[in-house]
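The values are calculated or read from the model by the stated rules, or taken from the named source; none is laboratory data. Computed from a prediction, not measured in an experiment: that's the story for all the values here. All Cβ positions, even for glycine, are placed from backbone atoms using ideal geometry, and neighbour counts span all protein chains on display. For the accessible areas, the whole protein counts, side chains as well, though only heavy atoms, and no ligand, DNA or RNA atoms are used. Shrake-Rupley method; radii C 1.70, N 1.55, O 1.52, S 1.80 Å.
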Amino acid sequence: MSPGSFSEQRKADRHQAAMSTMKFCRECNNILYPKEDREHKILLYACRNCDHREVADSNCVYRNVVDHAAGEFTQVLFEDVATDPTLPRTKSVRCAACGHGEAVFFQATARGEEGMTLFFVCCNPSCGHRWRD
């Protein structure tokens, strides 16, 4: 097996593991939905059409595996943070690229550096310029 094919096989295995299988009712063939049995503290799959229930094989209901290259991940991260309503915003800075007066800011570790760095992302949707303090 060549080195490239091993990593390709790992990606395929992860993709297969992340795919969920739909379960169907044995009585009426409708979709079974996850449901908690609080009394017995177990996960069930229950039909919403009839009273059929079955115990789940696993406690995992959904798994989302995101596999980005390092550069692609940071680009997606910076695109998303400008519209994230949970991040703090400041109007005390000006974007050097477009002059917009509002930016989102957050702390993260910079590549190859120790400690935390303060990052800013311009809130102008047509700009998206990013800089650090």
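Could you rank the peptides 81-87, 107-113, 42-48 by their average count of other C-beta atoms within 10 Å per residue, with the highest value first?
Numbers: 81-87: 12.6, 107-113: 9.4, 42-48: 16.3.
So the order, starting with the most tightly packed, is 42-48, 81-87, 107-113.
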Legend entry - Karplus (6.51, -1.76, 1.60) ³J(HN,Hα), θ = phi - 60°, over the stretch 105-116, in Hz, Gly and Pro reported as x: 9, 7, 9, 7, 7, 7, 4, x, 10, 8, x, 9
Legend entry - Estimated inter-spin distance, Ala97 and Arg63, nm [label 7 Å along Cα→Cβ]: 3.7 nm
Legend entry - Note, ³J(HN,Hα) from phi for the stretch 119-132, Karplus 6.51, -1.76, 1.60, rounded to Hz, x at Gly and Pro: 9, 10, 10, 4, 8, 5, x, 8, 10, x, 4, 10, 8, 10
Legend entry - Largest to smallest accessible area among Phe106, Phe24 [probe 1.4 Å]: Phe24, Phe106
